[in-house]
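S.K.: I'd like to ask some things about the structure below.
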């Protein structure tokens with residue numbers, strides 16, 4: 001059921017950034033699916049974000065945070081309450097500051113911009129991000145990465161707004177790092193991260209390596225179709241794509257959703273897919289892989305909203 005948010009509260013949101021009513025979330029996800037947000041707010045700065053969180057807490061309003069939408073499956077009935085969008089259009093500007101080998105990045109900065117700027121300065125250690133979609137904040141909170149590295153390897157400190165609407169800073173330690181997750185207090189909205197990189201011995205070789213990574217991803221991943229990237233986490237000692245492939249699920253479809261024939265840990269929107277199609281295909285994959293191999297695949301993609 002749609003959350004009732006009074007006109008008075010909407011007016012309190014308006015000075016904090018852009019406010020949208022019944023905003024289609026298909027416009028904000030890389031799957032290009034999803035129903036409407038009751039209210040979406042794109043905060044114009046960290047202070048505005050903190051005030052937005054305080055208002056939601058004060059009135060008991062459900063609050064959902066999204067970033068670049070690259071790791072999300074939003075239900076076809078949308079998201080109730082307030083959807084906070086921390087993407088390239090939020091937090092004032094997508095800021096980046098480089099001093100020596102230390103890099104400060106806004107959560108709203110795209111990973112592509114981060115990689116390009118750091119490579120331009122001859123800074124190495126972030127190459128694993130090349131080709132990973134989405135914003136830096138999402139990469140931080142989910143400790144995004146590849147076999148070549150992850151965010152926690154180079155992350156020193158974070159800034160975030162907690163559930164009480166307070167702006168906090170926290171040193172990042174190795175014990176906080178989990179597979180596809182960073183241990184931060186529940187309800188935290190990441191606003192910035194400080195990274196420690198290293199000077200490349202050969203900046204030209206660094207940039208060539210990034211081009212190679214991008215070329216390799218283009219060959220292996222179905223980049224011509226809407227998707228959310230890798231759907232499942234890799235189980236211990238196994239690869240999800242191989243389990244799905246060997247289970248005979250390559251090309252399997254539910255409506256407009258299809259297991260990619262190029263990389264079987266991708267579900268693509270092959271045309272006109274609904275979120276229900278994607279979710280149904282996820283469940284078929286999990287059931288068949290468990291039946292054949294006794295392995296329970298855990299989704300890496302976040303399923304949010306009402307289906």
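S.K.: Please determine whether any residue of the stretch 104-112 is within 30 Å of residue 307 (Cβ to Cβ) and assigned to a loop (DSSP other than H, G, I, E, B). Steps first, answer last, please.
M.R.: Of the stretch 104-112, the ones within 30 Å of residue 307 (Cβ to Cβ) are 107-108, 110-111.
Going one step further and asking which of them are assigned to a loop (DSSP other than H, G, I, E, B), we end up with 107-108.
Taking every residue of the stretch 104-112 in turn, at least one turns out to be within 30 Å of residue 307 (Cβ to Cβ) and assigned to a loop (DSSP other than H, G, I, E, B).
S.K.: Against the definition (in contact (Cβ under 8 Å) with a residue 12 or more places away in the chain, touching a strand residue (DSSP E or B) at 6+ places or on another chain (Cβ under 6 Å), part of a strand (DSSP E or B) and crowded, with 24+ Cβ neighbours inside 10 Å), how does residue 79 come out, yes or no?
M.R.: Yes; evaluated as a whole, the condition is true for this residue.
S.K.: Would you mind finding the one in 138, 193 that is in a helix (DSSP H, G or I) and closer than 30 Å to residue 61 by Cβ? Don't jump to the end; show me each part of the working.
M.R.: Details: 193 fails: in a helix (DSSP H, G or I).
None of the other options fit; the residue is 138.
S.K.: Taking residue 229 as meeting all but one of (1) in a helix (DSSP H, G or I); (2) under 30 Å from residue 95 (Cα atoms), write down the number of the exception.
M.R.: So the condition that residue 229 fails would be (1).
S.K.: Related question: Which members of the stretch 60-72 meet the condition of being surrounded by fewer than 23 Cβ atoms within 10 Å (Cβ to Cβ) and part of a strand (DSSP E or B)?
M.R.: 63, 64, 65
S.K.: Restricting to the stretch 56-96, name every residue that is farther than 19 Å from residue 41 by Cα and at pLDDT below 95.
M.R.: 71, 95, 96
S.K.: Separate question: When you scan the stretch 147-155, do you find a residue that is surrounded by fewer than 16 Cβ atoms within 10 Å (Cβ to Cβ) and farther than 16 Å from residue 193 by Cβ, even just one?
M.R.: Yes, the stretch 147-155 contains at least one residue that is surrounded by fewer than 16 Cβ atoms within 10 Å (Cβ to Cβ) and farther than 16 Å from residue 193 by Cβ.
S.K.: Another question, if that's okay. Looking at (1) in contact (Cβ under 8 Å) with a residue 24 or more places away in the chain; (2) buried (at least 20 other Cβ atoms within 10 Å of the Cβ), which is the one condition that is false for residue 88?
M.R.: Answer for residue 88: the failing condition is (2).
S.K.: Please go through the stretch 161-172 and give me each residue that is touching a helix residue (DSSP H, G or I) at 6+ places or on another chain (Cβ under 9 Å) and within 22 Å of residue 102 (Cα to Cα), ordered by number.
M.R.: 167, 170, 172 - these are the residues of the stretch 161-172 that are touching a helix residue (DSSP H, G or I) at 6+ places or on another chain (Cβ under 9 Å) and within 22 Å of residue 102 (Cα to Cα).
The values are calculated or read from the model by the stated rules, or taken from the named source; none is laboratory data. Nothing here was measured: the structure is a model prediction, and the numbers come from that model. Here Cβ is always computed from backbone atoms with ideal geometry, including for glycine, and neighbour counts include all displayed protein chains.
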